[in-house]
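Following: one structure in structure tokens, then a few remarks.
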Amino acid sequence: MKRVLEQLSREIEDYYQDVDRCDLMPDFDRQSIRNHLRENYDFETPIPLEQLLHDVTRLMRHGNVQSSHPRYFGLYVPAARFTSVVADSLVALYNPQLGATTHSPAATEIEQFTLQFLASRLGMNPKTCSANYTTGGTEANLTAIITALTKMFPDHGDQGVRSLPSLPVMYVSEEAHHSFNRIASIAGLGSSAVRVISVNERFQLDMQQLEQQLRVDRDEGFAPFLVVGTAGTTSAGIIDPLQELADLCKDQHLWFHVDAAWGGAAILSPRLKKHLVGIEKADSITCDAHKWFSVSMGAGMFFCRHKDAVARAFSVRAPYLSKQDEDVMEPYDTTMQCSRRFIGLKVFMSIAELGTTGFAEMIEKQSRLADLLQKRLIEENWLVVTSSPFAVVCFTHERIKSGEISTKELLNRVYANRSVWISATRLKGSIPVLRACITNFRTKETDVHFLVTELNKAIESKLRNYD
């Protein structure tokens, strides 16, 4: 055990010190990894743990995109801070079961203490709201839909969707997360119950079309029940008009859910929280700590101001589930999960170690680096397509717009030396753009300049075709 722990400790220390010098892109392809696994692991012959640890760390270093690298400008996968690694190690060691408070009172209280603090920052009353950790944003969004159905249609919990006199329908923008279509199917509504609303020239949900669609649906006998506002769209970091959506939902008696999986962290920033005005009026909120809170996967969070609806939606009774106090909601009464990992420790320890001031400084720095990237791109004749107060920039080039080079070919050129990573997406479903997101506490100004230099090389290069 001592030798393995020393080996593991060296790996963690070396990785944290060397990640900026690692190849960002994998140099093992999938077939070579498959071959290696088949040749070395038959699951019949025992392998010493030291040897196993050495081989697995080699695969992890050379067989994955290193999202902890400071020049990873890709998806919302920030580098996990060391505090988070320590917290997850403690969770694995003690392995508490957070299904019931009687089993893990310390872990449960740590989670609720942290969630109540964040709930208060989001504008909810920590004493009367319900909050729990989830595996990620999709589970949190699903929790919101199930809770809203239970609140808006009292017969839904017992009788299901078929018992309702009208088919419930929900509204999302065309830039909203794809999870809502999947959730509608899981919830028994069917994907056709999701009304996709166009976005305006700023890529925000179009309020005029939303109001028109609501009128049409009511005239046709449907039952509108929920509107989703996104605070930080996946593609471009766009924030829907939360204040206007909140007012509309109040006037029309609709559930207002805010998917702030990424942008919710900005509520802790004095400079950025103004962009979330209106979120405090939401009925429910999704926020992922494994995005802009810089903790390891996965750590979703769900907040809801209607504790009674959450209890009606998820409360269960079973002889093997202990309940210390009938008047107190147990964790298994508020979530789809029963057996649950101690997700919240890394969030608690990360906020406690940095403090809100240090945390705000971390994400504000990343936002300023995105501003620098946008400025540098414009200086180098790239075309910035979207503007977000959060740390993401979508852009293109005249040579891409003219069809001289595709985004795929350009990305392959950028990836060629395995030293920088960005992604591509399509806005409004059809506008191809490149996308650079800065959510890594390690990223510096020099990394931003390096990215722009590599982009310039890629757009000018005609000597090789990397497709």
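Worth pointing out:
- Residue that is closer than 30 Å to A391 by Cα, out of contact with any strand residue (DSSP E or B) (no Cβ under 7 Å at 6 or more places or on another chain), outside the structural domain of L451 (by TED's automatic domain parsing) and of a type in the set (F, W, Y), where the choices are F73, F82, F43, F28: F82
- Selection status of D158, in a helix (DSSP H, G or I), modelled with pLDDT under 95 and farther than 30 Å from G344 by Cα: yes
- Restricting the stretch 289-321 to residues that are closer than 23 Å to T128 by Cα and either in contact with a Phe, Trp or Tyr (Cβ under 7 Å, 6 or more places away or on another chain) or outside the structural domain of R340 (by TED's automatic domain parsing) (or both), the residue that is surrounded by the fewest Cβ atoms within 10 Å (Cβ to Cβ) is V316.
- When the stretch 278-288 is filtered for residues that are part of a helix (DSSP H, G or I) and surrounded by fewer than 24 Cβ atoms within 10 Å (Cβ to Cβ), the ones remaining, listed by number, are E280, K281.
- The residue that is surrounded by the most Cβ atoms within 10 Å (Cβ to Cβ), among those in the stretch 322-366 that are closer than 17 Å to K291 by Cβ and either at pLDDT below 80 or of a type in the set (K, R) (or both), is K346.
- Residue within the stretch 47-65 that is surrounded by 14 or more Cβ atoms within 10 Å (Cβ to Cβ), within 25 Å of the chain's Cα centre (by Cα), touching a residue at least 60 places away in the same chain (Cβ under 8 Å) and not in a strand (DSSP E or B) present: yes
The values are calculated or read from the model by the stated rules, or taken from the named source; none is laboratory data. Because the structure is predicted, anything quoted here is derived from the model rather than measured. All Cβ positions, even for glycine, are placed from backbone atoms using ideal geometry, and neighbour counts span all protein chains on display.
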